[in-house]
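Enquirer: To start, I am sharing the structure in question, which I have written as structure tokens.
Every number here is computed from the coordinates shown, using simple stated rules; none is lab data. Predicted model, so just to flag it, every value in this text is computed and none were measured. Cβ atoms come from the backbone with ideal geometry, glycine included; neighbour counts cover every protein chain shown.
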Amino acid sequence: ETITVQELANRMAARGGEVVKALFRMGVMATLTQSVDADTAELVAQEFGHRVKRVAEDDIETGLEGAVDEEGEMLPRPPVVTIMGHVDHGKTSLLDALRKTDVAAREAGGITQHIGAYQVEVPGGGKVTFIDTPGHEAFTAMRARGASVTDMVVLVVAADDGVMPQTIEAIKHARAAEVPLIVAVNKIDKQGVNLDRVRNELLQHEIVVESLGGDVQEIQVSALKGTNLDKLLEAILLQAEILDLRANPARAGEGTVIESKLDRGRGPVATVLVQKGTLSTGDIVVAGSEWGRVRALVDDKGRPAKVAGPSAPVEVLGLSGVPGAGETVLAVESEARAREVSEFRQRKAREKTAAAISAGRGTLSDMLARIQAGQQKEVAVVVKADVQGSAEAINATLSKLGNEEVRVRVLHSAVGQITESDVQLAKASNAVVVAFNVRATAQAREMAQRDGVDIRYYSIIYQVQDDIEALYKSRLAPVQ
Ligand code: GDP
């Protein structure tokens, strides 16, 4: 187990330079980004007058999952549904139309709040929760964070347009998440739609609907006219029954953040989909690396709630900060515990960023080291410039660089700001991004920092040349 000098300094609230000096006196030469082992760190901490208590880090997270549920405690819970499909096939319209079928909303005076998810009380009985950020980004972003919130996908296919690229993408997402699909053929109010064509196109992607002898339910709807929405809800409830969705409401609440924001009046607000147990006002919760005592719960109709059970979407107020979508939320037994977990997670997040940054600085010096050791033969570069002429000039300049041992290779060169895909490319190829009179998007900057990709900004061409030359000709100054 090791710790970086910087992190050690942070934890002792000491200056980095002082820690480096203390290490030096002990005969250990280390810069801020380098790591020392636990024994060394302990000695330094003692030197600074701290009492050292070593905790096995991973112990902090254990026990958070809570007890294992007994079979008898597991009660049926509403299904959680995500609507996916090609753009303009009617996802938003369908979400709006389904929402209007809600019996409870009518009682509440039809007031609805957009909180990222809503629950519908089906006229014939039963409830369904819809994640109301349509599209695939939310779905994949959450899955990327390891959160699985959806029990099934409703695939919207416009009858007049059939299977399109994003339809296929949605099928792939559902498959990757191992959740069942229900097909909603939309816009059946339109003239001359050919349902057989849609079915056959789906068949080509191994989606076999019931009318073709398969087990995928297909409902023909019109979001515009409100046709067959009851049938769609029935199909969802039937699928839920097959899945036998259950949860134990009588335990501490657990869920996932669907959306979050910093509200001017209300402070940090997180929409949480409760997945296990029941969340109550007054609970102490950890949400990602934030924590807090639940000051208020607000449901999707804007009503204050005392509790929220399994599959309920609810706004949680009272957190210390804004947690990210896809983060888990857990009720814990005490404030001390909440603080401990949240501090642990913040530290982990900081360490991850620091590691990425130092790895990024490493890429340049590593690259250089590898070049000097004769292991690497090229310097890879991604070029982005404001105008085509500059991009070409830089390409020409860079291509002429290099010597008998090393050459410079331009992987990609284009006009425009630096996007995430440029950063991805650079990361995958250990390349440096050369930005000529252009900036990086906020997302790209963030990604570059996280992934340790070096973006270098220039406005004069010969400086590009000098800098890249320096990359392989001379040693870089030692980095702090
Ligand atoms: P999304 O991009 O998948 O969210 O699609 P939208 O819900 O924004 O709908 C795209 C367009 O299709 C809009 O102009 C809707 O009015 C229209 N639309 C949606 N559902 C229906 C339907 O059932 N029938 C008809 N005729 N048009 C629809």
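Enquirer: Is the stretch 383-462 rounded, prolate or oblate when judged by the Cα gyration tensor, a ≥ b ≥ c being the square roots of its eigenvalues, rounded requiring a/c under 1.5 and prolate requiring a/b larger than b/c? It would help to have the intermediate numbers written out before the result.
Expert: Working: a/c = 2.19, a/b = 1.28, b/c = 1.71.
It comes out oblate by the Cα gyration axes.
Enquirer: If you take the Cα Rg of the stretch 167-264 and divide it by 2.2 N^0.38 Å, with N the number of residues, what do you get?
Expert: That ratio works out to 1.37.
Enquirer: Of the peptides 315-322, 289-296, 176-183, how do they stack up when ordered by the mean number of other Cβ atoms within 10 Å, highest first?
Expert: 315-322, 289-296, 176-183
Enquirer: Here is a further query. Using alpha-carbon pairs under 8 Å, 6+ residues apart, how would you state the relative contact order of the chain in percent? List each step's numbers first, then the result.
Expert: Details: 933 pairs, mean separation 53.3, N = 480.
The value is 11 percent.
Enquirer: Work out the length of the dipole vector of the stretch 218-284 about its Cα centre, built from +1 on the beta-carbon of each Lys and Arg and -1 on the beta-carbon of each Asp and Glu, and round it to the nearest 20 debye.
Expert: About 300 debye.
Enquirer: Pull up the cross-link candidates among the lysines for LYS384, meaning alpha carbon to alpha carbon under 21 Å and not fewer than 8 places away within one chain.
Expert: LYS400, LYS427
Enquirer: Taking θ = phi - 60°, what integer Hz values does the Karplus form 6.51 cos²θ - 1.76 cosθ + 1.60 yield along the stretch 413-428, in sequence order, with x for Gly and Pro?
Expert: Each residue of the stretch 413-428 in turn: 9, 7, 9, x, 6, 7, 10, 4, 5, 5, 5, 4, 4, 4, 5, 4 Hz.
Enquirer: Distance from a point 7 Å along Cα→Cβ of ALA176 to each backbone N in the stretch 84-101: keep the residues under 20 Å and list them by number.
Expert: 84-87
Enquirer: Of LEU232, ALA184, SER280, which is farthest towards the positive pole of the stretch 158-280's charge dipole, taken about the Cα centre with +1 and -1 on the beta-carbons of Lys, Arg and Asp, Glu respectively?
Expert: Value: SER280.
Enquirer: Rounded to the nearest 20 debye, what is the charge dipole size of the chain about its Cα centre when +1 sits on each Lys and Arg Cβ and -1 on each Asp and Glu Cβ?
Expert: Computed about the Cα centre, the dipole is about 1460 debye.
Enquirer: Right, here's the next one. What shape does the chain take by its C-alpha gyration tensor, where a ≥ b ≥ c are the square roots of the eigenvalues and a/c under 1.5 counts as rounded, a/b above b/c as prolate, and the rest as oblate?
Expert: Judged from the Cα gyration tensor, the chain comes out oblate (a/c at least 1.5, b/c at or above a/b).
Enquirer: Is the stretch 210-309 best put as rounded, prolate or oblate by its Cα gyration tensor, with a ≥ b ≥ c the root eigenvalues, rounded for a/c under 1.5, and otherwise prolate when a/b is larger than b/c, oblate when not? Intermediate values should be presented prior to the final figure.
Expert: Values: a/c = 2.90, a/b = 1.91, b/c = 1.52.
Taking the square roots of the gyration eigenvalues as a ≥ b ≥ c, the stretch 210-309 is prolate.
Enquirer: I would also like to ask the following. What share of the DSSP beta bridges in the chain is antiparallel, in percent to the nearest 5?
Expert: Details: 45 of 82 bridges.
For the chain, the DSSP antiparallel bridge percentage is about 55.
Enquirer: I would also like to ask the following. Summing -39500 (n - 2.57) over the DSSP H runs of n ≥ 4 in the chain and dividing by its residue number, what mean residue ellipticity at 222 nm do you reach, to the nearest 500 deg cm²/dmol?
Expert: One gets -11000 deg cm²/dmol as the mean residue ellipticity at 222 nm.
Enquirer: Further question: Can you give me the long-range amide H partners of GLU327? Hydrogens built in the peptide plane at 1.01 Å from N, cutoff under 5 Å, separation of 5 or more residues or another chain.
Expert: Here VAL257 satisfy the definition.
Enquirer: Then there is this: If you take every DSSP beta bridge fully contained in the stretch 153-255, what fraction is antiparallel? Give it as a percent rounded to 5.
Expert: 10
Enquirer: Treating only the Cβ atoms of Lys and Arg (+1) and Asp and Glu (-1) as charged, compute the dipole magnitude of the stretch 376-438 about its Cα centre; round to the nearest 20 debye.
Expert: That gives a dipole near 100 debye.
Enquirer: Let me ask you something else. If the chain between ARG11 and ALA470 were fully stretched, how many nm would it gain, using 0.36 nm times the residue separation less the Cα-Cα distance? All intermediate terms of the calculation are to be shown ahead of the outcome.
Expert: Numbers: separation 459, 0.36 × 459 = 165.24 nm, distance 3.67 nm.
Value of the extension gain: 161.6 nm.
Enquirer: Nearest 10 degrees is fine. How inclined is helix 229-243 to the longest principal axis of the chain, computing both from alpha carbons?
Expert: Approximately 70 degrees, to the nearest ten.
Enquirer: Relative to the longest principal Cα axis of the chain, at what angle does helix 335-372 sit, 0 to 90 degrees, rounded to 10?
Expert: Helix 335-372 sits roughly 50 degrees off the main axis of the chain.
Enquirer: Would you mind checking which residues have amide H under 5 Å from VAL379's amide H? H placed 1.01 Å from N; only 5 or more apart, or other chain.
Expert: Amide H neighbours of VAL379: ARG407, VAL408, ARG409.
Enquirer: When the Karplus curve 6.51 cos²θ - 1.76 cosθ + 1.60 is applied with θ = phi - 60°, which whole-Hz ³J(HN,Hα) does each residue of the stretch 302-316 get, with x for Gly and Pro?
Expert: Once θ is set to phi - 60°, the couplings for the stretch 302-316 become x, 9, x, 10, 7, 9, 9, x, x, 6, 8, x, 8, 7, 10 Hz.
Enquirer: Let me ask you something else. Could you tell me which of the pairs LYS276/LYS348; LYS172/LYS225; LYS127/LYS225; LYS225/LYS276; LYS301/LYS348; LYS172/LYS306 are separated by over 28 angstrom between their Cα atoms in the structure shown?
Expert: Beyond 28 Å: LYS172/LYS225; LYS225/LYS276; LYS301/LYS348; LYS172/LYS306.
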